[in-house]
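Data block below; observations after.
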Amino acid sequence: MSRNHDEANAPVHLLALLRPESFGASLRARWVQAGEFRLHYRGASEQDALIEPTAQAACAVGFVLPKRQCKHAARRNLIRRIARERLRAHLREHPRQPGQALPVLVLRLQAKLDARWRSAQSKALRDYLHQTIARLLAEWEPKRQRVAAQQGDSGQGAPATAASAAEPVPRGEGAKAS
C-alpha cells in the first residue's frame, strides 16, 4: 500500500470535551446553524485541559442535546454517533494545518426534532442528520481556513503557552475578533 492510502485511512482522534468551563467558553463562541442544530466553534485554550496530547488529536468535540428537545436516549445517541462519523470523515478530507490551534466544536440541539421521526431506526432521520451535520461542517470549514490563514499571516501558531500567557497584551492589539 502507498503511504497516501495509509494516511487517508488513518483513524482521526476526537477528544471529548469534559469541563464545564470549556462548554461555557464554546457556547459563547461563534457558531453556524443548520436546521435545529447549531455548531459552536473556537480554538483550544489552556483552560480546556485536554487529557490527551493535542498533537495526536484532530479535534475536541462536545454535545449539548437537552432532553427537552430530544426525549429518547436512543435518538440522542444516534445524533452523537452520526456527528462523530461525519466529523471524522470531514477531518480526513480537511486535516488541521501544522501550528493551527486544535479546533473545539460543540454541537447543540436548539429545537425539537420533527415528530414524524418517532424511531432512532428511521432511515429518514438518519439521512436528515447526515445531511444537516454535513451542511454545518461545510459552513464551518471556510471559517476555519480563514482563521488559520490569519494565524499564519500574523505569525501566531498554536495557543499561547503558560510562559507567553503571563506576558501582558497591549489593549489595542488583538482585541478585535474578525
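Every number here is computed from the coordinates shown, using simple stated rules; none is lab data. Small disclaimer: the values here were computed from a predicted structure and weren't measured. For neighbour counting, all protein chains shown are included, and Cβ atoms are generated from backbone atoms with ideal geometry for every residue, glycine included.
General observations
- Positive-end residue of T132, L39, V106, charge dipole of segment 8-147 with Cβ unit charges: T132
- Estimated inter-spin distance, R81 and R30, nm [label 7 Å along Cα→Cβ]: 3.3 nm
- Over segment 8-147, relative contact order from alpha-carbon pairs under 8 Å, at least 6 apart, %: 35 percent
- Inter-label distance, Q97 to A16: 3.3 nm, where each label sits 7 Å from its Cα along the C-beta direction.
- Relative to the compact-globule estimate of 2.2 N^0.38 Å, the Cα radius of gyration of segment 8-147 comes out at 1.03.
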